[in-house]
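Inspection log for the structure reproduced underneath, given as C-alpha cells.
The values are calculated or read from the model by the stated rules, or taken from the named source; none is laboratory data. Owing to the predicted nature of the structure, the values given are computational and were not obtained by experimental measurement. All Cβ positions, even for glycine, are placed from backbone atoms using ideal geometry, and neighbour counts span all protein chains on display.
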Amino acid sequence: MLNDELLAADNSFAVKVIAFIDMFRRGADHRVRVETVNNIPTAAGLASSASGFAALMQAVNEFYRLELDLSLQSAFARMGSGSASRSLFNGFVEWNMGQREDGMDSVATSLATAWPDLRIGLIKVSTAQKPVDSRSGMNRTVATAHLYQSWPMQAAADLSQLHAAIESHDFELLGQTAEQNALSMHATMIASWPPLLYWQADSVTAMHKIWQLRAEGLSLYFTMDAGPNLKVLFSAADEAAVCGQFPDMQVIAPFGS
C-alpha cells in the first residue's frame, strides 16, 4: 500500500519492496503487509525512495527481530536505494564508498556538527513521476557518458570542501560546492546517450532567478537530485527574504527551528 493505494504486484516500486523483504525472509513461507506513506511526491527527484527504504529497513529490523546496529541497517538499506543508507541518520551524514566486493562496508555515518541556522527550501517544479528512475539513469550515465570518468575525482574534491565548510560553518563554501556538484552531476547525465535531461523549463527559470538574486546580494544556492525539483540552501536570517521570492516553497530546518 502506497499512500493508501494498493499497488499491483508488477508495479516497479512494489517489485523493489518485495525483493528487499525477500532478503530477510530466510526461506520462510509467509506474507507481510506493507503500508507506506510519503509526504513528498514519489519518484520525482525528492529522495522519496531514500526515505522509504530507510523506513522499510527499520520496519524489517523490528519485525524480524534482527537487532542490527545502524551501520548494518545502513548497508542493507543501500540495496533498496543508495541514498537510503544516509536517511537512517539525522543532520549531516556522509556515505562512505567502501572497498569490499559485497558492499557491506558502503555505509553512512553521522557527522557530529550541527548547524541550527541552516535552512533548506523545496521548489517543486513537478510532482509527476520522472520517466527514468535514478538507478537506471545512473547506469546509463556510467555506461555511455565519457564525462563520467572525471566524476570520482570531482566528488572526492567536493567532499573535502564540504567537510571544511561544515566544520567552519562557512555557508558560502557550502553553497558553492553543493551547487557546482549538482550542476556537474546533471551535465554528466546530459552527456549520456540517449541524453538524460531531468530539468524542465521551470527548473531553468528557478536557477536563473536564484543566480539573479545572488547577484543582487541575497545569499542562497541550490542543489538538485536526479529530477526537475530544486533544493535551496540559505540561512535563517534570510528566510523571510527567500520565502518572499518563492512563496510556494516548503522550508525545512534540519537541525530544528
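Could you say whether any residue in the range 19-34 is out of contact with any helix residue (DSSP H, G or I) (no Cβ under 7 Å at 6 or more places or on another chain) and under 30 Å from Met249 (Cβ atoms)? Among the residues of the range 19-34, not one is out of contact with any helix residue (DSSP H, G or I) (no Cβ under 7 Å at 6 or more places or on another chain) and under 30 Å from Met249 (Cβ atoms), which makes the answer no. Scan the range 99-107 and give yes if some residue there is at pLDDT 90 or above, under 28 Å from Ala206 (Cα atoms), touching a Ser or Thr at 6+ places or on another chain (Cβ under 9 Å) and surrounded by 13 or more Cβ atoms within 10 Å (Cβ to Cβ), otherwise no. Within the range 99-107, not a single residue is at pLDDT 90 or above, under 28 Å from Ala206 (Cα atoms), touching a Ser or Thr at 6+ places or on another chain (Cβ under 9 Å) and surrounded by 13 or more Cβ atoms within 10 Å (Cβ to Cβ).
All of Ala114, Ala164, Ala128 fail the test of being in a loop (DSSP other than H, G, I, E, B) and closer than 19 Å to Phe234 by Cα, apart from Ala114.
Note on the range 89-106: among residues that are part of a loop (DSSP other than H, G, I, E, B) and either assigned by TED's automatic domain parsing to the domain that holds Met207 or of a type in the set (Phe, Trp, Tyr) (or both), the one that is farthest from Phe255 (Cα to Cα) is Phe89. Of all the numbered requirements in (1) hydrophobic (A, V, I, L, M, F, W, C); (2) touching a helix residue (DSSP H, G or I) at 6+ places or on another chain (Cβ under 8 Å); (3) over 25 Å from Asn90 (Cβ atoms), Ala178 misses one, and that requirement is (3). What do you reckon, is Ala178 in contact (Cβ under 8 Å) with a residue 24 or more places away in the chain, in a helix (DSSP H, G or I), in contact with a Lys or Arg (Cβ under 9 Å, 6 or more places away or on another chain) and not acidic (Asp, Glu)? For Ala178, the condition - in contact (Cβ under 8 Å) with a residue 24 or more places away in the chain, in a helix (DSSP H, G or I), in contact with a Lys or Arg (Cβ under 9 Å, 6 or more places away or on another chain) and not acidic (Asp, Glu) - is met.
The selection criterion, being farther than 18 Å from Ile166 by Cβ and assigned by TED's automatic domain parsing to the domain that holds His163, holds for Ser126. Somewhere in the range 217-232, is a residue surrounded by fewer than 14 Cβ atoms within 10 Å (Cβ to Cβ), at pLDDT 95 or above and over 17 Å from the mean Cα position of the chain (by Cα)? Yes. When Arg135 is tested against the conditions (1) exposed (fewer than 15 other Cβ atoms within 10 Å of the Cβ); (2) over 19 Å from the mean Cα position of the chain (by Cα); (3) assigned by TED's automatic domain parsing to the domain that holds His186, the lone failure is (2). Going by the conditions given, is Leu7 in a helix (DSSP H, G or I) and either in contact with a strand residue (DSSP E or B) (Cβ under 8 Å, 6 or more places away or on another chain) or modelled with pLDDT of 90 or more (or both)? So Leu7 does not fit the description; no.
The sole residue among Leu122, Leu196 that is surrounded by 15 or more Cβ atoms within 10 Å (Cβ to Cβ), outside any helix (DSSP H, G or I), within 17 Å of the chain's Cα centre (by Cα) and of a type in the set (A, V, I, L, M) is Leu122.
For the range 27-71, a tally of residues being hydrophobic (A, V, I, L, M, F, W, C), in a loop (DSSP other than H, G, I, E, B) and either farther than 20 Å from Ser110 by Cβ or modelled with pLDDT of 85 or more (or both) returns 10.
Being over 23 Å from Ser219 (Cα atoms) and either acidic (Asp, Glu) or at pLDDT 95 or above (or both) narrows it down to one of Asp158, Asp133, Asp117, Asp170, so name that one. Criteria check complete, one pass: Asp133. Within the range 138-147, the set of residues being surrounded by 15 or more Cβ atoms within 10 Å (Cβ to Cβ) and within 19 Å of the chain's Cα centre (by Cα) comprises Met138, Arg140, Thr141.
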